[in-house]
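The values are calculated or read from the model by the stated rules, or taken from the named source; none is laboratory data. These numbers were taken from a predicted model, which means no experiment stands behind them. FYI the Cβ positions are ideal-geometry reconstructions off the backbone, even for glycines, and counts take in every protein chain you see.
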Amino acid sequence: MEWDERMDDIELFLSILITGFSFLLMIVSTGAYIRVKSIKFLLIDIAFLCFFIKAILAILSIVYISKIALIIDMIIITLFYVSIVKK
């Protein structure tokens with residue numbers, strides 16, 4: 001694999017951060033779905049699962065995700081986090 005094809009430190013850091021956030025939020029939304037049985041929480045849970053899978057694939061270098069896409073993903077996942085934990 002060429003150096004240009006591998007992740008640099010910033011991309012790897014953002015991918016790991018997104019993986020952790022998406023896993024954490026997936027657990028929280030799964031708990032909410034189990035308690036409330038709302039389709040809304042099930043859909044949110046699936047969305048976080050997709051973020052989690054995408055981040056794992058990026059870390060394993062199976063898919064390439066640009067820095068801009070990672071930054072946008074980080075903003076989205078952070079907004080999800082703030083909306084879920086805010087009372």
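From the list SER83, SER66, SER29, SER38, the lone residue that is among the small types (Gly, Ala, Ser) and surrounded by 12 or more Cβ atoms within 10 Å (Cβ to Cβ) is SER29.
Name the residues in region 43-78 that are under 14 Å from SER29 (Cβ atoms) and either touching a residue at least 12 places away in the same chain (Cβ under 8 Å) or of a type in the set (Gly, Ala, Ser) (or both), would you?
Initial filter on region 43-78 (under 14 Å from SER29 (Cβ atoms)): 43-52, 77.
ILE44, ASP45, ALA47, PHE48, LEU49, PHE51, PHE52, ILE77 - these are the residues of region 43-78 that are under 14 Å from SER29 (Cβ atoms) and either touching a residue at least 12 places away in the same chain (Cβ under 8 Å) or of a type in the set (Gly, Ala, Ser) (or both).
Within region 53-62, the residues that satisfy the criterion of being more than 12 Å from LEU17 (Cβ to Cβ), hydrophobic (A, V, I, L, M, F, W, C) and surrounded by 12 or more Cβ atoms within 10 Å (Cβ to Cβ) are ILE53, ILE56, LEU57.
Is region 79-86 home to any residue that is closer than 16 Å to LEU24 by Cα, among the basic types (Lys, Arg) and modelled with pLDDT of 80 or more? Among the residues of region 79-86, not one is closer than 16 Å to LEU24 by Cα, among the basic types (Lys, Arg) and modelled with pLDDT of 80 or more, which makes the answer no.
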